[in-house]
Amino acid sequence: MITTLSCLHNSHVFMRIILMYRLLYQFQSVAGGILVDVSCGSGLFSRKFASSGAYSSVIALDFSENMLRQCYDYIKQEETPMNTNLALVRADILRLPFASCSIDAIHAGAAIHCWPSPSNAIAEISRVLKPGGVFVATTFLSTPTNSGLFSIDALKPLRQIVGPVNSSYNFFIEGELEDLCRSCGLVNYSSKVQRSFIMFSRQKP
Ligand SMILES: C[S@@+](CC[C@H](N)C(=O)[O-])C[C@H]1O[C@@H](n2cnc3c(N)ncnc32)[C@H](O)[C@@H]1O
């Protein structure tokens, strides 16, 4: 039992390391710039971005004061000091407190499905990104188990009218995510899908 749990833990840690390498790779064209980790939660990725030393500043941003407090506590516990400036900011994804065209990189880890209005949020992300700036996000795709009846192809148009199927989460199919980004003026879509988990990146032209 203990061996099984330890294997599960190790594979989880391994997956996170792979994910982090992929993220750093996606952001390599904006290395040295300002990175905002929106909806950072407890700052798992913000802390890794900061300690990578690849960015001039890392901003961990979340709407929830509790999550930011957890993030702050984890930062204090870190054994290795952060190589870059790491700032914590409380803000709504729909009203980012940054000037237009001022940010080089935005990461949204496992967050889009939690946002109240993903299309307005991505428009806001597009506003603050500099030309050439990169947006990388991970989320869970719509599946029959998380989207109920509206995951059936013939009923999907109804989802646009009725709104999210349950009150708290918005799950999309890959084409919808691509369309959302395109309609906000972001280009160069690329993605990697593993089961229902997707990582995609987009750039501001
Ligand atoms: C599943 S957590 C993701 C945490 C983190 N990115 C990670 O990968 O560990 C989703 C986060 O979205 C945040 N969130 C939800 N609505 C938000 C909003 N309107 N603006 C900013 N953050 C929001 C929540 O507070 C929560 O911390």
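Values in this text are rule-based calculations from the coordinates and carry no lab data. Just so we're clear, the structure is a prediction, and the values are computed from it rather than from any experiment. Neighbour counts are summed over all protein chains in view; Cβ atoms, including those assigned to glycine, are modelled from backbone coordinates with ideal geometry.
Would you order Ile34, Ile18, Ile75, Ile103 from fewest to most other beta-carbon atoms within 10 Å of each residue's own beta-carbon? Before the final figure, lay out each step's value.
Working: Ile34 21, Ile18 10, Ile75 17, Ile103 26.
Listing Ile34, Ile18, Ile75, Ile103 from fewest to most nearby Cβ atoms yields Ile18, Ile75, Ile34, Ile103.
Using a Förster radius of 25 Å, what is the FRET efficiency between Ser168 and Met20 based on their Cβ-Cβ separation? Nearest 0.05, please.
My answer for the efficiency is 0.35.
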According to a simple spin-label model (label point 7 Å from Cα along Cα-to-Cβ), what is the distance in nm between Asn66 and Thr143? 2.6
Tell me the label-point distance for the pair Glu178, Val89, using the 7 Å Cα-to-Cβ offset, in nm and rounded to one decimal. 3.1
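Test of understanding: ordering Cys114, Cys184, Cys40, Cys71 by Cβ neighbours within 10 Å, fewest first, what list do you get? Could you put the intermediate results ahead of the total?
Numbers: Cys114 16, Cys184 20, Cys40 28, Cys71 24.
With the sparsest Cβ surroundings first, the list reads Cys114, Cys184, Cys71, Cys40.
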Debye calculation, C-alpha points only, no solvent: report log10 I(q)/I(0) for segment 30-142 at q = 0.12 Å⁻¹, in the same order as the q values. -0.37
So, with points 7 Å from each Cα along the Cβ direction, the Ala110-Ser56 label distance in nm works out to 3.2
